[in-house]
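Here the structure is laid out as structure tokens; the discussion comes afterwards.
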Amino acid sequence: MLLDTASLYFRAYFGVPESVRAPDGTPVNAVRGLLDFIARLVADHSPTALVACMDADWRPQWRVELIPSYKAHRVADEAEGSEDVPDTLSPQVPVIEAVLDAVGIARVGVPGYEADDVIGTLAASARTPVAIVTGDRDLFQLVDDARGVRVLFPRKGVGDCDVLDEAAIEERYGVRARQYADFAALRGDPSDGLPGVKGIGEKTAAQLVTEYGDLAAVRAAAADPFSRLTPARRRNIAAAAGYLDVAPRVVAVARDVPLPPFDATLPSAPAAPRALDALARTWGLGGSLSRLLESLAAVR
């Protein structure tokens, strides 16, 4: 089981009231919510291995060099004090990291890469079925029935997840999982600063990728005056050539990240009991931590 950790603690932050606080009054709603999420996931799915994948770099420079607008609005939002990254969430992240380490849950992040890339690399090299837990659609490109890679996509909480296989991706978007990255590049994604191609929304992107097979074939059709593409669509795709030259590399999840050594074995007991006790007292982790430890101990 691979956790898109930031996606889950953001969901926890907005799903658990900020009135959930440590003894000193500091909000710990994201911390406790994430622990409850993991406890429920372990109880429901009994994974044999678990990795909390981290954003060591949520906006890698190599992606920015290809598309300067990549997540640029988030940088501006942070500078302006936007609520997209609430001030009461950021201080909770080091607590989350410390608790995961003390529990003994593998936590993996690599400088220069996003959590998505860590997940992509682990999924690509796994020798067993993989469940990716995320609220990020970008990871749909990793779904692979033949290798047993699926996505658990939370609806309201992680106890209520859509299990997405290749058929579910095709039903939702009209494209195969292996076509998802090309589809996403054409469509664009304002939340990630990806402009897409003018006049091509989700339905049209799906139609084009399905009809022609992949982005390269769509672009070839745009360059062919005898193709079925309308003149306007042909012009728009040609005008977006610079973007389309680099977008696939930005949208594609890396699958060759150099990972550090780690042990993904599910811990049956805390790795650092004293440190965990101290964290539990300081931050008032209470029932959330107890439920996680009980779930871990129950897995055989």
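Computed from the coordinates by the stated procedures, all read-outs in this text should not be read as laboratory data. All values reported here derive from a predicted model rather than from experimental measurement. Cβ placement follows ideal geometry from the backbone for every residue including glycine, while neighbour counts extend to all protein chains displayed.
Observations
- Positive-end ranking of 269, 246, 210 along the dipole of the range 153-300, with charges on Cβ about the Cα centre, is headed by 246.
- Relative contact order for the chain, counting Cα pairs under 8 Å that sit 6 or more residues apart, in percent: 27
- Local electrostatic count, residue 43, Cβ distance below 11 Å [Lys/Arg +1, Asp/Glu -1]: -1
- Converting phi to 3J(HN,Hα) with the Karplus coefficients 6.51, -1.76 and 1.60 and the offset θ = phi - 60°, the range 25-31 yields x, 6, x, 10, 5, 5, 4 Hz in sequence order, with x at every glycine or proline.
- Charging the Cβ of each Asp and Glu at -1 and of each Lys and Arg at +1, and nothing else, the dipole of the chain about its Cα centre rounds to 520 debye.
- Annotation note: trypsin sites (Lys or Arg not before Pro) in the range 81-148 located in DSSP loop regions with a Cβ neighbour count of at most 10 within 10 Å are 127.
- The chain: translational diffusion in µm²/s, Stokes-Einstein, Kirkwood Rh over Cα pairs, 37 °C, 0.692 mPa s: 160
- Cα-based Kirkwood hydrodynamic radius, the range 111-233, one decimal, Å: 15.7
- Ratio Rg/Rh [Cα only; Rh per Kirkwood] for the range 177-251: 0.92
- Using the alpha carbons alone, the radius of gyration of the range 41-189 stands to its Kirkwood radius in an Rg to Rh ratio of 0.97.
- With a Förster radius of 45 Å applied to the C-beta separation of residue 245 and residue 48, the computed FRET efficiency comes to 0.60.
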